[in-house]
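Quick notes on the structure that follows.
The values are calculated or read from the model by the stated rules, or taken from the named source; none is laboratory data. Just so it is clear, the model here is predicted, and its values are computed rather than measured. Glycine gets a Cβ as well: all are built from the backbone with ideal geometry, and neighbour counts include every protein chain shown. Side chains included, ligands, DNA and RNA excluded: accessible areas come from the protein's heavy atoms. Shrake-Rupley method; radii C 1.70, N 1.55, O 1.52, S 1.80 Å.
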Protein chains: 2
Amino acid sequence: MHSGDPNGARQALLPAGLQDVLYPDAAHEAAIVEKLIRHVSRFGYARVKPPLIEFEDSLLAGPGGQVSEQTFRLMDPISQRMMGLRADMTPQVARVAVSRLAQEPRPLRLCYAGEVLRVRGSQLRPERQFTQVGVELIGTASRRADAEAVFLASDALLSVGVEGLSVDLALPTLVGRLFEVLGLSEQERQELRAALDRKDAAAVQQAAGRHADLFDGLLRASGLADEALERLMALPLPESVLGEIERLSEVIGEVRRMNPELVLTVDCVDHRGFEYQTGLSFTLFASGVRGELGRGGRYDAPRGEAEGEPAIGFTLFMDSVLRALPIPSEGRRIYLPSDSDGAFANALRAVGWITVTALDESADVYSEARRLKCTHLLVADRIEEVED
Amino acid sequence: MHSGDPNGARQALLPAGLQDVLYPDAAHEAAIVEKLIRHVSRFGYARVKPPLIEFEDSLLAGPGGQVSEQTFRLMDPISQRMMGLRADMTPQVARVAVSRLAQEPRPLRLCYAGEVLRVRGSQLRPERQFTQVGVELIGTASRRADAEAVFLASDALLSVGVEGLSVDLALPTLVGRLFEVLGLSEQERQELRAALDRKDAAAVQQAAGRHADLFDGLLRASGLADEALERLMALPLPESVLGEIERLSEVIGEVRRMNPELVLTVDCVDHRGFEYQTGLSFTLFASGVRGELGRGGRYDAPRGEAEGEPAIGFTLFMDSVLRALPIPSEGRRIYLPSDSDGAFANALRAVGWITVTALDESADVYSEARRLKCTHLLVADRIEEVED
């Protein structure tokens, strides 16, 4: 359709990674966004809506610093200060929590939906604009908060019909703490981290030296949660790190209690993409769907010079979520004569019909109805079907 | 609350005209946006969602040129071309219609909702970010299309509960055409336009010279539609301009047929804010509400070198629309113990309860429920009310 349109061709050219979402996709996306928000709202998460742009220094403070290179900058002609176009909403919601909502009781449950923009797309996500839907649970370090976040992310996705869902749990700070406790040198750390990132068992053994068994075991303690936990518990982990594994185990138990059928996996060496996370983190996948559906984890909501507030949250990426769902079929669509009764048309719309009213007299209303893609038409007060 | 928060104060400072929308306002806005979109969708308007940014030359083509000075510019590091952050969605939707949807049957009905950003706020609308909801009806010059746009804009607002609604109809090109037909000099035009803009009857008489009666009559032919039309019809209007008045009269008749109770007013000398309009235009007001709720009108959807397509549409401004509506009261909110039954909690949420689950053991669940602003709590399987 597009290439055959010389007039529009030049104008249709959008920047790479940006697109016009057409119908029915645009309507479907909006419906799913609102369903997800309604779902998390029922769990006490109150919706907030930060602006699309704000001052660079507040947008990129704390966790926001992670997306600094991905953030478009704009000059504010009023204040003459630099502003940023948000590349992530979590830092904004954290800012709202610790500033405008500082006096609200903790734990504070907030949710949001909105567009974010990135300077460049990634290989896995070439889009430069996408819709985020998420929650933040702020002011609590409780294990049950971790469980609520994992459960709620999966429950929200299940509520809109995602199938084949799995949640991959990670402890992105674990390996770093081990390095610390075991007193590894900077070079050992770099080699070992690289080997772990590649999941290269032989290289891990070599780089880990006297800790070969430990790190090899850590690498192998991946997969379905129960087996992974069993293997982790059997490892010769230092006391000071064991607590994190016990916490993971408790969170898994609590999530299982809320949804015994949820597929949970564990990967204890994964840390990429969790740069601002301070503890339990997780990624959501649907089998057969490209890209992650969402991710979440623990972080500190920064409070300027003061100590940050412990927080956990998750963000769902609507482009991936929509790839996991079928497009719903459109409703019945009826072509009405221009002088048709308003009350009758109202009644049709009230029960879900889409009405398309004629704007010009037409000799052949039947072919006009078909041309306008109507499934039905009103002729002499009778509803008739339009044949394909 | 804000001033008492030294840590958050610096970060809370947003650029002028930008704000964090908190709850319950953020939830209310989103609910009204979706209701409005659902309403217009039932009339066959298909939702589209253009990107927040696009190349400057496509964004500012045709009607978009009007908001050029209000548009933030960004450099695209990928294409090295200048992009704009949209200040209005109508030009984008018109672009989609004439490019990607060029082969779709006409009339083409599209709707949209989204955020727009402006470099500076105006006196009447200091906000620099606001939400637009609108429709475009493209590829028809029919009078019934004008009537459908006016009716649908008002019907959508009435459907969400706006009271005291009125629609002010304008013919922003009428005075200019009269100047043309009457052969007024550039200086006469400027003086007369200035006098008409000020609604200064004495100055109009003086500036209009031999056409004093005509322009004085035009100025006075404002107000409730029926009286205004009667006065307009009585004026010594040139034949070539009379057609516009007859068309206005027909559109009013058609809108009345669809909604006999709608308050319609006419102002034939109004043209400001309708710079890209090519015919009938309108503004929506609610009595006692600051600012217009929306505006619409005829324009040409540009097609590069080719002749534009005739179109009419309207945009609703959510900040004003929300000022015309009461904030709905929040639902019942129940505090649940951390180990409460998941199925029971699900059942509560399914019938509209908001559940807030305890994340820590608390000795006094009652005061904890109150602290977390719950209206109820679950104690020993019984729902109890929380007293204020």
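Being within 24 Å of A:GLY164 (Cα to Cα), assigned to a helix (DSSP H, G or I) and open to solvent by 30 Å² or more (accessible area, probe 1.4 Å) is true for just one of A:ARG257, A:ARG193, A:ARG231, A:ARG189. Which residue is that?
After ruling out the rest, the residue left standing is A:ARG257.
I'd like to verify a number: residues in segment B:29-50 that are more than 8 Å from every other protein chain (Cβ to nearest Cβ) and open to solvent by less than 20 Å² (accessible area, probe 1.4 Å), how many?
5
Checking A:LEU158 against (1) in a helix (DSSP H, G or I); (2) farther than 30 Å from A:VAL21 by Cβ, which single condition isn't satisfied?
So the condition that A:LEU158 fails would be (2).
Name the residue, out of B:VAL116, B:VAL93, that is within 18 Å of A:LEU22 (Cα to Cα), crowded, with 21+ Cβ neighbours inside 10 Å and more than 7 Å from every other protein chain (Cβ to nearest Cβ).
Residue meeting the stated conditions: B:VAL93.
Looking at segment A:153-194, which of its residues are within 14 Å of chain B (Cβ to nearest Cβ) and in contact with a helix residue (DSSP H, G or I) (Cβ under 6 Å, 6 or more places away or on another chain)?
A:ALA156, A:SER159 - these are the residues of segment A:153-194 that are within 14 Å of chain B (Cβ to nearest Cβ) and in contact with a helix residue (DSSP H, G or I) (Cβ under 6 Å, 6 or more places away or on another chain).
Taking the conditions exactly as written (facing another protein chain (nearest Cβ under 8 Å), free of Cβ contacts under 8 Å to residues at least 40 places away in the same chain, over 18 Å from A:GLY273 (Cα atoms) and hydrophobic (A, V, I, L, M, F, W, C)), does A:ILE53 satisfy them or not?
In short, yes.
If I ask for residues that are within 7 Å of chain A (Cβ to nearest Cβ) and open to solvent by 20 Å² or more (accessible area, probe 1.4 Å), which ones from segment B:139-152 would you list?
Scanning segment B:139-152 gives a single hit, B:ARG144.
Could you check B:ARG106 against (1) closer than 22 Å to B:PHE274 by Cα; (2) in a loop (DSSP other than H, G, I, E, B); (3) in contact (Cβ under 8 Å) with a residue 60 or more places away in the chain and say which number it fails?
With (1) closer than 22 Å to B:PHE274 by Cα; (2) in a loop (DSSP other than H, G, I, E, B); (3) in contact (Cβ under 8 Å) with a residue 60 or more places away in the chain applied to B:ARG106, the lone miss is (1).
For residues in segment B:14-28 being within 7 Å of chain A (Cβ to nearest Cβ) and either open to solvent by 50 Å² or more (accessible area, probe 1.4 Å) or in contact (Cβ under 8 Å) with a residue 40 or more places away in the chain (or both), which is nearest to A:GLU34 (Cα to Cα)?
Checking each candidate, the answer is B:TYR23.
If I ask for residues that are surrounded by 13 or more Cβ atoms within 10 Å (Cβ to Cβ) and among the acidic types (Asp, Glu), which ones from segment A:173-186 would you list?
A:GLU180
So which residues in segment B:86-99 are assigned to a loop (DSSP other than H, G, I, E, B) and at pLDDT 95 or above?
B:ARG86, B:ALA87, B:ASP88, B:MET89
Could you list all residues from segment B:63-72 that are in contact (Cβ under 8 Å) with a residue 24 or more places away in the chain and either in a loop (DSSP other than H, G, I, E, B) or out of contact with any helix residue (DSSP H, G or I) (no Cβ under 6 Å at 6 or more places or on another chain) (or both)?
B:GLY65, B:GLN66, B:VAL67, B:GLU69, B:GLN70, B:THR71, B:PHE72
Which members of segment B:44-62 meet the condition of being part of a strand (DSSP E or B) and more than 28 Å from A:ILE354 (Cβ to Cβ)?
If the condition is that a residue be part of a strand (DSSP E or B) and more than 28 Å from A:ILE354 (Cβ to Cβ), then B:ILE53, B:GLU54, B:PHE55 are the ones that fit.
If I go through segment A:274-290 residue by residue, how many of them are of a type outside the set (S, T, N, Q) and in a loop (DSSP other than H, G, I, E, B)?
Residues in segment A:274-290 being of a type outside the set (S, T, N, Q) and in a loop (DSSP other than H, G, I, E, B): 8 in total.
Residues A:GLU136, A:GLU104: which one is open to solvent by 10 Å² or more (accessible area, probe 1.4 Å) and either within 22 Å of A:LEU36 (Cβ to Cβ) or more than 8 Å from chain B (Cβ to nearest Cβ) (or both)?
A:GLU104
Determine, yes or no, whether A:ALA324 is of a type in the set (A, V, I, L, M) and surrounded by fewer than 17 Cβ atoms within 10 Å (Cβ to Cβ).
no
If only one of A:MET75, A:MET82 is more than 7 Å from chain B (Cβ to nearest Cβ), free of Cβ contacts under 8 Å to residues at least 24 places away in the same chain, more than 29 Å from B:TYR335 (Cβ to Cβ) and surrounded by fewer than 23 Cβ atoms within 10 Å (Cβ to Cβ), which one is it?
Among A:MET75, A:MET82, only A:MET75 is more than 7 Å from chain B (Cβ to nearest Cβ), free of Cβ contacts under 8 Å to residues at least 24 places away in the same chain, more than 29 Å from B:TYR335 (Cβ to Cβ) and surrounded by fewer than 23 Cβ atoms within 10 Å (Cβ to Cβ).
Please enumerate the residues belonging to segment A:28-44 that are farther than 30 Å from A:ARG73 by Cα and either small (Gly, Ala, Ser) or over 16 Å from the mean Cα position of the chain (by Cα) (or both).
Once the filter is applied, which keeps residues that are farther than 30 Å from A:ARG73 by Cα and either small (Gly, Ala, Ser) or over 16 Å from the mean Cα position of the chain (by Cα) (or both), segment A:28-44 yields A:HIS28, A:ALA31, A:SER41, A:ARG42, A:PHE43, A:GLY44.
Within segment A:119-133, take every residue that is in a loop (DSSP other than H, G, I, E, B) and open to solvent by less than 30 Å² (accessible area, probe 1.4 Å) and give me the one that is farthest from the other protein chains (Cβ to nearest Cβ).
A:ARG128
Give the residues of segment B:343-382 that are among the small types (Gly, Ala, Ser), closer than 18 Å to A:SER159 by Cα and open to solvent by less than 40 Å² (accessible area, probe 1.4 Å), sorted by residue number.
Matches in segment B:343-382: B:ALA345, B:GLY352.
I need every pair where a residue in segment B:173-201 that is touching a residue at least 60 places away in the same chain (Cβ under 8 Å) and closer than 19 Å to B:THR278 by Cα has its Cβ under 9 Å from the Cβ of a residue that is outside any helix (DSSP H, G or I) and open to solvent by 50 Å² or more (accessible area, probe 1.4 Å), sequence separation at least 6 or different chains.
Going by the 9 Å Cβ cut-off, the qualifying pairs are B:THR173/B:THR278; B:ASP197/B:ARG272.
Show the residue pairs meeting these rules: Cβ distance below 8 Å; 6+ apart or different chains; first residue within segment A:245-274 and within 14 Å of another protein chain (Cβ to nearest Cβ) and on the phi > 0 side of the Ramachandran plot; second residue open to solvent by 10 Å² or more (accessible area, probe 1.4 Å) and modelled with pLDDT of 95 or more.
The qualifying pairs do not exist here.
Among the residues that make up segment A:302-311, is at least one of them within 30 Å of A:HIS376 (Cβ to Cβ), hydrophobic (A, V, I, L, M, F, W, C) and in contact with a helix residue (DSSP H, G or I) (Cβ under 8 Å, 6 or more places away or on another chain)?
For segment A:302-311, residues within 30 Å of A:HIS376 (Cβ to Cβ), hydrophobic (A, V, I, L, M, F, W, C) and in contact with a helix residue (DSSP H, G or I) (Cβ under 8 Å, 6 or more places away or on another chain): absent.
Grab the helices (runs of 4 or more DSSP H) fully contained in segment B:291-388, keeping just those with 2 or more residues being at the interface with chain A (Cβ under 9 Å from one of its Cβ atoms).
B:342-350
Given the conditions (1) open to solvent by 20 Å² or more (accessible area, probe 1.4 Å); (2) part of a helix (DSSP H, G or I), which single one is not true for A:PRO236?
It fails just one condition, (2).
Can you name every residue in segment A:302-322 that is among the small types (Gly, Ala, Ser) and at negative phi?
Result: A:ALA306, A:GLY308, A:ALA311, A:GLY313, A:SER320.
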